[in-house]
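The values are calculated or read from the model by the stated rules, or taken from the named source; none is laboratory data. Computed from a predicted model, the values in this text were never measured in an experiment. Here the Cβ positions follow ideal geometry from the backbone for every residue, glycine too, while neighbour counts run over all protein chains shown. SASA here: full protein model, heavy atoms, side chains in, ligands and nucleic acids out. Shrake-Rupley method; radii C 1.70, N 1.55, O 1.52, S 1.80 Å.
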Amino acid sequence: MHKRSVLRNQRGFTLIEIIAVLVILGILAAVAVPRYLSMMEEARVSSAQLAVGEIKGRLSAAQAKYMVANSGAAPTSPVLFTYATGADGYGSAAALADVGADYTATVTTGTPIAISVTAVQTVTLANPVAATFKGAGDP
């Protein structure tokens, strides 16, 4: 008999309680989703900055290799670009900019050399990450 009285006294959630929970979940989702999307964009930008750093490191190594091969003569940016993308370097501008399938990166000649990452994991960045690399022989 004691079991029956316990079962009879148990009630489910009221409609108001369920609606209150749904409203709270809706508010949390409205705050959390934009923050999550913002964090994803920030992570892509940070990753693109690392890719730019990798390309700068490659150019720095090519510059050092050039200087060793040319008795310490410092290359200008166009000479360095030609060297880094030629047979003594990475073979092409595309190979120099190839920092993995997750990135869309380009390196173009000029004074200074221009580096740009426009997409990470096939997602185009709202603001591409760009940088330059100046040859040691540049004025």
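Provide a single number: the residues in region 73-92 that are among the polar types (S, T, N, Q), over 12 Å from residue 108 (Cβ atoms) and assigned to a helix (DSSP H, G or I).
In the first step, residues of region 73-92 are kept if they are among the polar types (S, T, N, Q); the result is 76-77, 82, 85, 92.
Checking the rest, the ones that are also over 12 Å from residue 108 (Cβ atoms) come to 76, 82, 92.
Cutting the leftovers down to assigned to a helix (DSSP H, G or I) gives us 82.
Qualifying residue count, region 73-92: 1.
Out of region 117-127, which residues are open to solvent by 70 Å² or more (accessible area, probe 1.4 Å) and either without any contact (Cβ under 8 Å) to a residue 60 or more places away in the chain or among the aromatic types (Phe, Trp, Tyr) (or both)?
Start the filter on region 117-127 by keeping residues that are open to solvent by 70 Å² or more (accessible area, probe 1.4 Å), which leaves 121-122, 124, 126-127.
Within region 117-127, 122, 124 meet the criteria.
Condition first: without any contact (Cβ under 8 Å) to a residue 60 or more places away in the chain and either touching a Phe, Trp or Tyr at 6+ places or on another chain (Cβ under 6 Å) or crowded, with 18+ Cβ neighbours inside 10 Å (or both). Can you find one or more residues in region 65-76 that meet it? I'd like the intermediate steps shown before the answer.
Filtering region 65-76 for residues without any contact (Cβ under 8 Å) to a residue 60 or more places away in the chain gives 65-66, 68-72.
This time we only want the ones that are either touching a Phe, Trp or Tyr at 6+ places or on another chain (Cβ under 6 Å) or crowded, with 18+ Cβ neighbours inside 10 Å (or both), so: 66.
Among the residues of region 65-76, at least one is without any contact (Cβ under 8 Å) to a residue 60 or more places away in the chain and either touching a Phe, Trp or Tyr at 6+ places or on another chain (Cβ under 6 Å) or crowded, with 18+ Cβ neighbours inside 10 Å (or both), which makes the answer yes.
Kindly establish whether residue 102 is within 14 Å of the chain's Cα centre (by Cα) and either over 30 Å from residue 71 (Cβ atoms) or of a type outside the set (Val, Ile, Thr) (or both). Full working, then the answer.
Details: within 14 Å of the chain's Cα centre (by Cα): yes; either over 30 Å from residue 71 (Cβ atoms) or of a type outside the set (Val, Ile, Thr) (or both): yes.
So residue 102 passes the test.
From the list 101, 114, 95, 105, pick out the single residue that is buried (at least 18 other Cβ atoms within 10 Å of the Cβ), of a type in the set (Gly, Ala, Ser) and at pLDDT 95 or above.
Exactly one residue qualifies, and that residue is 105.
Can you find a residue that is at pLDDT 95 or above and touching a Lys or Arg at 6+ places or on another chain (Cβ under 9 Å) anywhere in region 81-89?
Yes, region 81-89 contains at least one residue that is at pLDDT 95 or above and touching a Lys or Arg at 6+ places or on another chain (Cβ under 9 Å).
Test residue 61 against the stated conditions and say whether it is small (Gly, Ala, Ser), surrounded by 13 or more Cβ atoms within 10 Å (Cβ to Cβ) and either without any contact (Cβ under 8 Å) to a residue 24 or more places away in the chain or outside any strand (DSSP E or B) (or both). Please lay out each step first, then the result.
Working: small (Gly, Ala, Ser): yes; surrounded by 13 or more Cβ atoms within 10 Å (Cβ to Cβ): no; either without any contact (Cβ under 8 Å) to a residue 24 or more places away in the chain or outside any strand (DSSP E or B) (or both): yes.
Criteria not met by residue 61.
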